[in-house]
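Asks: Please read through the structure below; I'll follow up with questions.
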Amino acid sequence: DQEALQRAFVALQNRYAPILDEATLHALYQRGEHLIADTAFMALVDGARVHKEQPLMYQKERKQIDLLLEFEDKMVIVDYKSSQKDASKHHAQVKLYQEALTQMYAIPIEAYICYLLPNGVELVKSL
């Protein structure tokens with residue numbers, strides 16, 4: 001929602017204002033606005049228990065899942081990206097997360113890449 005976006009933006013400013021100019025910060029805020037206005041994304045998170053920036057140890061490496069949505073009958077991984085460049089690497093990354101969680105939980109694990117683009121959001125289900 002808008003209030004959560006505002007809190008996230010303040011945290012972003014506090015952390016990155018010394019290295020990012022105002023135009024870049026504004027562009028990031030706009031991408032957040034696109035996200036919370038996206039009906040597909042909002043439908044995906046609806047009813048979920050939301051876990052942000054979840055640490056994960058897998059294959060002796062520390063990973064971090066951007067967004068983990070917990071439902072009664074499944075879990076959904078969402079990995080945010082700001083560009084579609086290197087899409088094959090993005091799919092490999094979420095596949096690794098999906099593989100790890102599949103070994104930990106006895107419920108289906110879905111995975112999505114959420115591209116936060118300058119003009120909108122593209123939500124891609126990982127195969």
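Asks: How far is helix 2-16 tilted, in degrees, relative to the longest principal axis of the Cα atoms in the chain, given as a value from 0 to 90 rounded to the nearest 10?
Replies: So the inclination is approximately 80 degrees.
Asks: So how far apart, in nm, are the two label points at GLU122 and LYS52 if each is 7 Å from Cα heading toward Cβ?
Replies: For the pair GLU122/LYS52, the computed spacing is 2.6 nm.
Asks: Expressed as a fraction of 2.2 N^0.38 Å, the rule-of-thumb size for a compact globular protein of N residues, what is the C-alpha radius of gyration of the chain?
Replies: Against the empirical 2.2 N^0.38 Å value, I get 1.09 for the chain.
Asks: Relative to the longest principal axis of the chain, what angle (0 to 90°, nearest 10) does the C-alpha long axis of helix 22-37 take?
Replies: It works out to around 50 degrees.
Asks: Take every DSSP beta bridge whose two residues both sit in the chain, then give the antiparallel share in percent to the nearest 5.
Replies: Beta bridges within the chain, antiparallel portion: roughly 75 percent.
Asks: Under a 5 Å amide H to amide H cut-off, with H placed in plane at 1.01 Å, what residues pair with TYR58 once short-range neighbours are removed?
Replies: The answer is LYS63.
Asks: Using a 1.4 Å probe, how large is the accessible area of VAL121, given in Å² and rounded to the nearest 10?
Replies: 30 Å²
Asks: Looking at segment 38-107, I'd like the Rg to Rh ratio, where Rg is from alpha-carbon atoms and Rh is Kirkwood's inverse mean 1/r.
Replies: 0.96
Asks: Counting only other residues whose beta carbon sits under 14 Å from that of LEU116, what net charge do I get with K and R as +1, D and E as -1?
Replies: Result for the local shell: -2.
Asks: Using +1 at the C-beta of Lys and Arg and -1 at the C-beta of Asp and Glu, which of GLN103, TYR58, VAL10 has the Cα lying farthest in the positive direction of the dipole of segment 1-112?
Replies: TYR58
Asks: Taking 8 Å as the Cα distance limit and 6 or more residues as the minimum spacing, I'd like the relative contact order of segment 1-86 as a percentage.
Replies: 17 percent
Asks: Find the lysine pairs in the chain meeting two conditions, Cα atoms under 18 Å apart and a separation of 8 or more places or different chains, and report how many there are.
Replies: Number of lysine pairs found: 16.
Asks: Related question: Starting from the 7 Å offset along Cα-to-Cβ, what nm value, one decimal, do you get for the label separation of HIS91 and ARG62?
Replies: Placing both labels 7 Å along Cα→Cβ, they lie 3.0 nm apart.
Asks: Here is a further query. Angle check, please: helix 87-104 long axis (alpha carbons) against the longest principal axis of the chain (alpha carbons), in degrees 0 to 90, nearest 10.
Replies: For 87-104 against the chain, the angle is about 50 degrees.
Asks: What are the residues whose amide H is under 5 Å from the amide H of ASP38, where those residues sit 5 or more places off or on another chain and H is modelled from the backbone?
Replies: none
Asks: Relative to the present Cα-Cα distance, how much length would full extension add between SER82 and TYR105 at 0.36 nm per residue of separation?
Replies: Full extension of this stretch gives 5.4 nm more.
Asks: With the crude spin-label approximation of a point 7 Å out along Cα→Cβ, what separation in nm comes out for ILE19 versus THR39?
Replies: My value for the distance between the label points is 3.9 nm.
Asks: Among GLU22, GLU61, GLU70, which one moves the most in a GNM of the chain with springs linking Cα atoms closer than 10 Å?
Replies: Its mean-square fluctuation being the largest, the pick is GLU61.
The values are calculated or read from the model by the stated rules, or taken from the named source; none is laboratory data. Note that this is a predicted model, so its numbers are computed, not measured. No Cβ is skipped: glycine too gets one built from the backbone with ideal geometry, and neighbour counts run over all protein chains shown. Heads up: the accessible areas ignore ligands, DNA and RNA and are worked out on the full protein's heavy atoms, side chains in. Shrake-Rupley method; radii C 1.70, N 1.55, O 1.52, S 1.80 Å.
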